[in-house]
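The structure appears below as structure tokens.
The values are calculated or read from the model by the stated rules, or taken from the named source; none is laboratory data. What you are looking at is a predicted structure, and each value in this text was computed from that prediction instead of being measured. Positions of Cβ are backbone-derived with ideal geometry, glycine not excepted, and every protein chain shown enters the neighbour counts.
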Amino acid sequence: MLSPSASQGVWSEFYNPELRAIGARVAPRLETFLFSAVGEEAVRATPADLPNSVSDFVGAHFRASSRFWTRLIDTLTAADYLADGMRLLLIQRVPLGRSRNLAMSRVAALHPFIPVPAPSVAEEAWCAALGVRVGMHSYWQFYLPAVLAATTHIHMLARQPGTLLRLVGAALVEGAEQAGFMMAMAEGARRLGLPERAPSADTADGATRSVSSAVDAAVDEVTGTFGRTSLAEVARGAAAATLLTAQAHRDVRAQLLWLSDMPRYVAAARAINRRIDQDCPDIDRETFVEPREMCSTTHVHDDHRLVVIEEGQMVFWGNLGMSLRLDVGDMVLVPQGRLHGSTVESPVCTYHQPIIPPDWLDMLPGHVISPYASSPSLAVAWD
């Protein structure tokens, strides 16, 4: 997506019909490659009792999601990172959530039984209070990879032929996810003194009934229109969405555990750098020499790395509003999969990124973990 502030010429070139046609041809191939394994696992996870399997998938997701978000809010509170943490969470759920809802709404215009989550006044109030713009893709550079993958899955189901019923299942899971998220965020807002404007923990029964009612209505509509056997596709869509959201939860948790405990990762970087000097001076590394205002937009690595400044200064970040300033000799540990970026603030900045073997992190206490570790279900995503 190109920024709306781009010049007319750049805009026209970026969105010219030829490029759009190429994108339309390539997208299904990439999506099939990305989601084929998830689809196969969803088929294996779908039991024979179809009406109950849809209800079970969505109900279990709602309960696990509620637990996950509640525990995450508690963790952020204990780490004194609640406001910053909620800011990152809102970016994943509001600007990016509008993209998910748009995809579902386009299909729902023809098939009204697609359950599209309603817009939330509460989320917009929290965004305003925490300085987060609510426009779709306002903060694309802070989308976490697994959250973006779950969103892409919904777009694929909304666009590709033959996936309507799987979209119904994915939409039900998205609604359950939204309900669990809103309850936890309302508690976080209360702790920050923000307007709650959403169900609190004592109305969990009401949220449970709402999720259950949405499932029952969708099952009745699908059964009446397509027959009972069509529910297998709904269940598979729900199962796939549950698996992808479980991964998104792990990604979100890993990112926030890192951001909320940055001094530990600075200290860990120094400990690891001493070991490199003593035991492994020729360790694999990448070196960058960048000019003033060179911006490394947010990205992730599939390995653990240090960022070590040899010359100059940079500002390093992994969240909206974060500014970790690094000078000569400063360093930080960036574990696998953590989203981060930087901007050079000196005439030139030379820095190194030693690539750290995974077993070196075993010496570090706590949660230096990979967000990409496999997990069989959402219910264990927190553990």
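Residues of the stretch 56-93 being among the acidic types (Asp, Glu) and at pLDDT 95 or above, which ones?
Those that are among the acidic types (Asp, Glu) and at pLDDT 95 or above: 74, 80, 84.
Please work out which residue is farthest from residue 152 (Cα to Cα), limiting yourself to the stretch 223-242 and to residues that are hydrophobic (A, V, I, L, M, F, W, C) and surrounded by fewer than 24 Cβ atoms within 10 Å (Cβ to Cβ).
226
Find the residue count for the stretch 132-164, including only residues that are within 30 Å of residue 226 (Cα to Cα), of a type outside the set (Val, Ile, Thr) and assigned to a loop (DSSP other than H, G, I, E, B).
3
List, please: which pairs have Cβ atoms under 8 Å, are six or more places apart or on different chains, and start with a residue in the stretch 296-318 that is at positive phi and end with one that is not in a strand (DSSP E or B)?
Note: pairs meeting the criteria are 312/328; 312/345; 312/346; 312/347.
What number of residues within the stretch 88-126 satisfy the criterion of being buried (at least 22 other Cβ atoms within 10 Å of the Cβ), polar (S, T, N, Q) and in a loop (DSSP other than H, G, I, E, B)?
Residues flagged as buried (at least 22 other Cβ atoms within 10 Å of the Cβ), polar (S, T, N, Q) and in a loop (DSSP other than H, G, I, E, B) within the stretch 88-126 amount to 0.
For (1) of a type in the set (A, V, I, L, M); (2) without any contact (Cβ under 8 Å) to a residue 60 or more places away in the chain; (3) in a strand (DSSP E or B); (4) under 20 Å from residue 41 (Cα atoms), each residue gets a yes or a no:
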site	(1), (2), (3), (4)
229	no, no, no, yes
245	no, no, no, yes
248	yes, no, no, yes
252	yes, no, no, no
265	no, no, no, no
272	yes, no, no, no
276	yes, no, no, no
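Is it fair to say residue 172 is farther than 24 Å from residue 107 by Cα and at pLDDT 95 or above?
No; evaluated as a whole, the condition is false for this residue.
Starting from residues that are closer than 24 Å to residue 347 by Cβ and hydroxyl-bearing (Ser, Thr, Tyr), keep the ones in the stretch 265-297 and report whichever is modelled with the highest pLDDT.
287
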